[in-house]
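Q: Got a structure for you, written out below as structure tokens; questions coming shortly.
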Amino acid sequence: MTSIEDVRKSYFSWNPSDDPEFNPLIIGSGPIGGKGRSLLFAIRALRDSDDDDLRAVVLPMSRYIGTDVFRDFIAGIKNLPDLVQNGSPEELEAEFLKADLPEGVTKSLSGYLAEMRDPVIVRSSSLQEDSLKFSFAGKYMSPFLMNSEESLKERVSAVEREIKRVYSRIYFPAALSYRNKHGLGEDMMGIAIMRISGRWRGGYYYPTTAGVGLSYNGRRWTTRIKREDGLIRMVFGLGTMSTKRGYARTYSLTNPFLRPEGSNAYNVMKTSQERFHAIERESGELVTVDIKEVWRDKFRYHPDFSTYASLYMYDENQGYFTPLDKSCIFSPAEGKVCMPFESFPRVHKKFFETMSKLMPLLQEKMGAYADIEFSYEPLENRIELLQARPLWIHEMQGQTLPPSLQHCETILSADRMVTDGSRDNIKYLVLVDHRIYSESGEFNKIARSLGEMNKKLFPEKYILVAPGRVGSSSPELGVPVRYDEITGVACIIEVGIPRTGQMPELSYGTHFFSDLETDEVMYMPVFQGESNNVFNEAWFEKTPFVYGEHKAIRLYKGDFHVYMNGDHNIGVVACGQNI
């Protein structure tokens, strides 16, 4: 019987240059890096399957640049060590832009772009992005281009410029500090140039839906779903919305009708997508489109728009959803359009059936849990695979039940989306006061103050308690702190405050989630006011604390203890001695 180690060895040793179908897509020689190689590996696995649905999954029109091109390119930058040591990121990029790419790159790019005029993305694909544990999510850059210039020469030149910018990022502070933190040493950059999934719909370019998928669901919101069946996190429009801690629809592949938010219409509305990402033709930029302003027009391009969008109507209770069509008439005081994807799993069963086969197959072939990005055109039943890589999940040992807490006070407890792990005698707890956060509107100031508190506590570990989604790209959902501003965190507790709409969210597949897993940070959400959940505000008020640079930040000192068990969905944070 083949061992997991043998499967992984086979996966990591697979070379797309040896595949007659993929070899013509590769520019230069040497490895093409993690993103490119793992995507082509996945496509090969699907095409070699005996399943027609899996063989039909589409590879984007793409080209891949080997690391020898990067090596030859940086060899021509003679002052590189000094630039890295003493220069600014701007100076470094400027020098990279002056240098020439090796001969042959221009010719190969010209052949690729001559056939295709849709927007393209230049994706980083470094060697270390091929790691099982370190995803480098968000550490490099992946710029997109409109690819709309009349001249082929201009379009090629624009892509070459972005390739050089991606190359420069390997020496930028974010990547250097990440590699240093994890002892990873030098990296080499490959490139994946890909047609952006989607099409022009009026003045906007986007796919109907896109998202991320994982073959393992370690943060179950109910024990009725299975970890090993995986999940999908999807959005309307470009998938960039799903890789940040914003609004997205999360489905368990065990039962796609079970929502993490439950069935309360108000909670569903507060966590449903209201905006989507698209490329705007006029500006040539990635824009955020408010669906409430354009929803009638969407029926022209999406006859099935009501499978994503619904009309939420206010009333004196929790409100309610009603079917949406373009003849609906209502005022903003009466209701609003949002995208809860309510009927999507019923209408598009084929999509879930295919994903339920696709992710286990990739997991089997990689020898690790699978992490994918995709787009999906429902009316054509067309899945395009945009990324596929191993998913690192840190298997921490959970406590079956918390030990005796008779000498401690429980300050937080949870009953869903709990990870495994335990930790005793944490000295510090940092709280973001949800009332001040919501009322002040000083979201970015509060985030920066949180970063300053992180610096002051270093190297001590601490528990972070904050409303909604820590690291959200939408400040109304949670504190927009950067992950590098909370490097000392040992455990994150996200508190759901229903009346403000600050609700925790799984956020699987996001860059933030990848960092949590890599750094083995424990996580649990607490939903204020719900049974089996405790947010002990009395403790936070009676216990002495000191303010951070912003009065929304509080620092508590004590003996804090964290116990979590994902199998039983039990999580407890307590304070006191003699546990």
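Computed from the coordinates by the stated procedures, all read-outs in this text should not be read as laboratory data. The structure displayed is predicted, hence computed values, not measured ones. Note that we place each Cβ from the backbone using ideal geometry, even for glycine, and neighbour counts take in every protein chain shown.
Q: Treating only the Cβ atoms of Lys and Arg (+1) and Asp and Glu (-1) as charged, compute the dipole magnitude of the stretch 4-196 about its Cα centre; round to the nearest 20 debye.
A: Working: 25 positive and 30 negative charges, 80 e Å.
It works out to roughly 380 debye.
Q: Additional query: How far, in nm, would the chain grow between residue 99 and residue 352 when pulled straight, counting 0.36 nm per residue and subtracting the alpha carbon separation?
A: Details: separation 253, 0.36 × 253 = 91.08 nm, distance 4.73 nm.
That works out to 86.3 nm of additional length.
Q: State the three equivalent ellipsoid semi-axes of the stretch 408-576, derived from the C-alpha gyration tensor as the square roots of 5 times its eigenvalues, in descending order and whole Å. Present the calculation step by step, with values, prior to reporting the outcome.
A: On the way: eigenvalues 81, 65, 58 Å².
Semi-axis lengths for the stretch 408-576 are 20, 18, 17 Å.
Q: Over the chain, what per residue volume does the convex hull of the Cα atoms give, in whole Å³? Mind dumping the intermediate values first?
A: Values: hull volume 94.8 nm³, N = 579.
Cα-based convex hull of the chain, divided per residue, equals 164 Å³.
Q: Could you order peptides 537-550, 309-322 by the average number of other Cβ atoms within 10 Å of their residues, highest first? Numbers along the way, then the final one.
A: Numbers: 537-550: 13.7, 309-322: 15.8.
Highest-to-lowest ranking by the protection proxy: 309-322, 537-550.
Q: Hey, can you rank 344-351, 201-208 by average C-beta count inside 10 Å, highest first?
A: Values: 344-351: 16.6, 201-208: 20.6.
The most tightly packed comes first, giving 201-208, 344-351.
Q: Give, rounded to the nearest 20 debye, the magnitude of the charge dipole that the stretch 132-232 has about its Cα centre when Lys and Arg contribute +1 at Cβ and Asp and Glu contribute -1 at Cβ. If you can, show how the numbers build up before the last one.
A: Details: 18 positive and 9 negative charges, 105 e Å.
The calculated dipole for the stretch 132-232 is roughly 500 debye.
Q: Can you list the residues, at least 5 places off or on another chain, whose amide H is less than 5 Å from the amide H of residue 388, using H built in the peptide plane?
A: Distant-sequence amide H within range of residue 388: 39, 373.
Q: Output the Kirkwood hydrodynamic radius of the stretch 204-346, Cα pairs only, in Å rounded to one decimal. Working shown, then result.
A: Numbers: mean 1/r = 0.0626 Å⁻¹.
For the stretch 204-346, inverting the mean 1/r across all distinct Cα pairs yields 16.0 Å.
Q: Once a ≥ b ≥ c are taken as the square roots of the eigenvalues of the Cα gyration tensor of the stretch 4-196, is the result rounded (a/c under 1.5), prolate (a/b larger than b/c) or oblate (a/b not larger than b/c)?
A: Values: a/c = 2.01, a/b = 1.21, b/c = 1.67.
Verdict is oblate for the stretch 4-196.
Q: Given Cα positions, please report Rg to Rh for the stretch 153-214, the hydrodynamic radius being the Kirkwood one. Each step should come with its number before you reach the end.
A: Working: Rg = 16.7 Å, Rh = 15.0 Å.
Result: Rg/Rh = 1.11.
Q: Still on this structure, I have one more. Please give the Cα centre distance for the stretch 530-579 versus the stretch 24-89, rounded to the nearest Å.
A: The stretch 530-579 and the stretch 24-89 have Cα centres separated by 45 Å.
Q: Here is a follow-up. For n ≥ 4 DSSP H runs only, could you compute -39500 (n - 2.57) per run for the chain, divide by its residues and tell me the 222 nm figure to the nearest 500? Walk me through the numbers before you get to the answer.
A: Values: 17 runs with 165 residues, N = 579.
When only DSSP H runs of four or more count, the value is -8500 deg cm²/dmol.
Q: To the nearest 20 debye, what is the magnitude of the charge dipole of the chain about its Cα centre, counting +1 on the Cβ of each Lys and Arg and -1 on the Cβ of each Asp and Glu?
A: Details: 69 positive and 78 negative charges, 72 e Å.
So the dipole magnitude of the chain works out to roughly 340 debye.
Q: I need the phi-derived Karplus couplings for the stretch 535-540: 6.51 cos²θ - 1.76 cosθ + 1.60, θ = phi - 60°, integer Hz, Gly and Pro marked x.
A: Values, residue by residue: 10, 7, 5, 4, 4, 5 Hz.
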